[in-house]
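Data block below; observations after.
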Amino acid sequence: MVARHDQTTDPVLLDGLLQARRGTAFFARKLNELTDAELDGDSLLPGWSRRHVVAHVGYNARAVARLVEWAATGVETPMYPSVEIRNHEIDFGATLSPIALRNLFDHSAVHLNVEWRDLPADNWHHKVKTVQGRTVPAEETVWMRTREVWVHAVDLDNGATFNDIPAPVLERLLTDITGAWHTRGTDSGLLIKVDGTDLSFGDTTAAAPTVVSGSLAAITQWATGRGADGTTAQRGGEPITPAPPAPKWI
Ligand code: ZN
């Protein structure tokens, strides 16, 4: 008899699973609002149609599920055999019929959710490897999926915005991105401030930084490379319009 509820009782993990499931439902809603013909339209991602986004999000669920299966069985199963195969798979998926594309998203999301639900509490700590080669506990798969579904729902470009993304997701995303900049040293002289909060990211010790500020949603959108709408920038009191492009994230 398979359990019908999560095996983990860790409140932080359960909260993370809730954000991933909400994000999946949100992506599903935006996808369902698109007609089959509209799937052919452009997404916000350069060179990608909406079809590419849907195919990518579907194959991503399968790839993340492979990591959860790895944590469950101890048998090493990478997300993707190679980056080339991952990219080829997305190009292929984008050619699927609308019904097949929608099924890919639905079925892969359900499968991933079952893998999460049935993963024994202890196995959540088992180590797996991401496509970037990072070794992480299986718990990390929840966040990996969460940011995909929320951000790519915006990329469908049919009405979702970063304002729809829950604040804790935005804050973690911004922390991830600015952390990646810091690791690469690309945040030098760049200070990021979130309006109405004490939150600041980037080069917080620079003497004369370029300061980019805006709402948490606007700043995070800018940081992901999706435009400077809603942000303001200045250096030494002199406005910079528009804000300079954010350093590369991925
Ligand atoms: Zn993605």
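Throughout, read-outs are computed from the coordinates displayed, never taken from laboratory work. The structure displayed is predicted, hence computed values, not measured ones. Backbone-built Cβ (ideal geometry, glycine too); neighbour counts: all protein chains shown.
If you wrap the stretch 73-200's Cα atoms in a convex hull and average its projection over all directions, what's the area in nm²? Don't jump to the answer; show the numbers that get you there.
Numbers: hull surface 43.5 nm².
It is 10.9 nm².
For ALA153, neighbours were defined as the other residues whose beta-carbon sits under 9 Å from its Cβ, and their charges (Lys and Arg +1, Asp and Glu -1) total 0.
For the chain, the alpha-carbon coordinates run over 64, 45, 32 Å along the three principal axes, in decreasing order.
Put a dot 7 Å past the Cα of THR95, heading toward its Cβ, do the same for HIS107, and the two dots end up 1.9 nm apart. Among beta bridges from DSSP that stay inside the chain, the antiparallel ones total about 75%.
Please state the relative contact order of the chain as a whole percent: Cα pairs under 8 Å, 6+ residues apart? The partial results should precede the final answer.
On the way: 380 pairs, mean separation 45.5, N = 250.
Value for the chain: 18 percent.
What net charge is computed for the residues neighbouring LEU34, neighbours being all others with C-beta under 13 Å from the C-beta of LEU34, Lys and Arg scored +1, Asp and Glu -1? Taking every other residue near LEU34 into account, the sum is -2.
Amide H to amide H distances under 5 Å link VAL194 with LEU199, where only residues 5 or more positions off or on other chains count and H is placed in the peptide plane. Here the 3J(HN,Hα) profile of the stretch 75-92, calculated from phi with Karplus coefficients 6.51, -1.76 and 1.60 at θ = phi - 60°, is 8, 5, 9, x, 4, 9, x, 6, 5, 4, 5, 4, 5, 5, 4, 5, 4, 5 Hz, Gly and Pro shown as x.
Quick one, what does Rg over Rh come out to for the stretch 162-250 if you take C-alpha atoms and the Kirkwood Rh? Provide the component values of the computation, followed by the final result.
Details: Rg = 11.8 Å, Rh = 12.8 Å.
Using only Cα positions, Rg/Rh for the stretch 162-250 is 0.92.
Take the Cα of ASP195, step 7 Å toward its Cβ, do the same at ALA121, and the gap between the two points is 4.5 nm. With coordinates expressed along the principal axes, the C-alpha atoms belonging to the stretch 11-160 extend over 45, 33, 24 Å, beginning with the largest. Converting phi to 3J(HN,Hα) with the Karplus coefficients 6.51, -1.76 and 1.60 and the offset θ = phi - 60°, the stretch 44-57 yields 6, 8, x, x, 10, 7, 4, 4, 4, 5, 5, 4, 4, 5 Hz in sequence order, with x at every glycine or proline. Of the peptides 222-230, 58-66, 36-44, the order by per-residue mean of other Cβ atoms within 10 Å, starting with the highest, comes out as 58-66, 222-230, 36-44. Our coupling estimate for the stretch 21-36, obtained by passing each phi through the Karplus curve with A = 6.51, B = -1.76, C = 1.60 and θ = phi - 60°, is 5, 5, x, 5, 5, 5, 4, 4, 5, 5, 5, 5, 6, 8, 6, 4 Hz, Gly and Pro reported as x.
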